[in-house]
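The values are calculated or read from the model by the stated rules, or taken from the named source; none is laboratory data. Bear in mind that the values here come from a model prediction, so they are computed numbers and not experimental data. Quick reminder, even Gly has a Cβ in these numbers, built from the backbone with ideal geometry, and neighbours come from all protein chains shown.
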Amino acid sequence: MTNAGHRLLWTIIALLLVAGGAAALAAGFGTLRGADPQAMLLSPGLLDRWRTAAPWSTLAAAVAGVLIALVGQRLLARELQRPAGSLRGTLSHPGRRPGRTRLAADVLADALVRDLTGNPGVRRARVVLTGDPPRPDVWIRVDLTADAPAAGVREHVRAAVRRFAATTDCQPAHLDVTARIEPGQP
Amino acid sequence: MRSVNRVASLLLAAALLVGGSLSAVQALLLALDQPTPLDTTGWFAALSSTRWREPTVRAAAGAAVLLGLAILIAQLRPWTPVRLRTDERDGWYLHRRCVERRLADAVSAVPGVRRARVRVRRRGGQWRPRVRATGDPAARAEIEYAVHQELHRLTAPRPGRIDVRLQPRRRPA
């Protein structure tokens, strides 16, 4: 799951906690309309209704439990899933008629990755192409070795992007390069 | 915060999975009049005999509000960006942690300086390295030089003021 996804999830949970806690506080102080602060948390009326509705009430609880467990399983699967290493992006081009042509950008991205890793200072590279084919957005991440000369690698990346633009006739509309450098030798 | 979120989500997912499965099994066995793995009579008795106005309920509700507010503030305040932009023109960014680690290594290589920690923040267009280390306060100039050199090696922009705080090393008693 992405950082934005986590942030959204925990913002929703925080809002639920605040709303639930505030409602319980209001019920406890008698300021919540329709709630009696003298009433029990599980009122006898509620328990009676639960018993009257049995076995459907317990079956509904079982279904709710299964749904909660499924949500947990999906969330766990998303958390444990490795970031999509094969993500290469999709190029999308609007046609003359309504609709768009979508093209997986694997081949182009692989070519640029090979060019980038041709420099000994680049240990790994990852390229994602998105957008419109003549002017795609190019997202690059390069992992540099500890002894890589950053200026040289930077020039190498710039040259590789220029070569990519010339051979594919795709001038990047937006270029974003993130470099991660290994720690130096102790 | 990103790592905290990830771990918290993992724990939440595990709790939902285990809790949901247990309550489903429990409810199903109750519906079939079979013995259940959890004895919930105590919980029912407690919830049936506790009033909304009791201090325990108020304390739990107050704790939930405070926890919710703390999480909300932590999620909504601006986070430190993962990357540091080096140049406006060619879209080149450096991973912040890598830069901080490299700078800490460079500072630790200064003679007489140990346990260096470096944080880099961006104010306006300038990088503001903050160095915390143990060592001789006289090494400040050398530390600043080492930071400048390492940033130059990383093709980073020239930093603004470098904040160096050196803790003198404690002498053994």
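Some observations on this one:
- Once segment B:133-173 is narrowed to residues that are more than 14 Å from every other protein chain (Cβ to nearest Cβ) and under 16 Å from B:ARG102 (Cβ atoms), the residue that is nearest to the chain's Cα centre (by Cα) is B:ALA133.
- Unmet requirement for B:ALA106, which otherwise passes all of (1) over 18 Å from A:VAL177 (Cα atoms); (2) in a strand (DSSP E or B); (3) not β-branched (Val, Ile, Thr): (2)
- Enumeration of residues in segment B:53-75 that are of a type in the set (A, V, I, L, M, F, W, C) and within 7 Å of chain A (Cβ to nearest Cβ): B:VAL57, B:ALA61, B:ALA64, B:VAL65, B:LEU67, B:LEU69, B:ILE71, B:LEU72
- Qualifying residues in segment B:82-105 (those that are closer than 15 Å to B:ALA156 by Cβ and in contact with a helix residue (DSSP H, G or I) (Cβ under 7 Å, 6 or more places away or on another chain)) - the one surrounded by the most Cβ atoms within 10 Å (Cβ to Cβ): B:LEU103
So that you can scan it fast, the table gives a plain yes or no per residue for (1) in contact (Cβ under 8 Å) with a residue 60 or more places away in the chain; (2) crowded, with 16+ Cβ neighbours inside 10 Å; (3) at the interface with another protein chain (Cβ under 7 Å from one of its Cβ atoms); (4) outside any helix (DSSP H, G or I):
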site: A:GLY20; (1), (2), (3), (4): no, no, yes, no
site: A:ASP36; (1), (2), (3), (4): no, no, no, yes
site: A:ALA61; (1), (2), (3), (4): no, yes, yes, no
site: A:ALA64; (1), (2), (3), (4): no, no, no, no
site: A:ALA69; (1), (2), (3), (4): no, yes, yes, no
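- Some residue of segment A:144-166 being facing chain B (nearest Cβ under 9 Å), surrounded by 13 or more Cβ atoms within 10 Å (Cβ to Cβ), part of a strand (DSSP E or B) and modelled with pLDDT of 85 or more: yes
- Only one of the numbered conditions (1) more than 8 Å from chain B (Cβ to nearest Cβ); (2) over 30 Å from B:ARG58 (Cα atoms); (3) of a type in the set (S, T, N, Q) is not met by A:SER57, and that is (2).
- The set of residues in segment B:55-69 that are surrounded by 15 or more Cβ atoms within 10 Å (Cβ to Cβ) and either of a type outside the set (A, V, I, L, M, F, W, C) or more than 21 Å from A:ALA14 (Cα to Cα) (or both) comprises B:ARG58, B:GLY62, B:GLY68.
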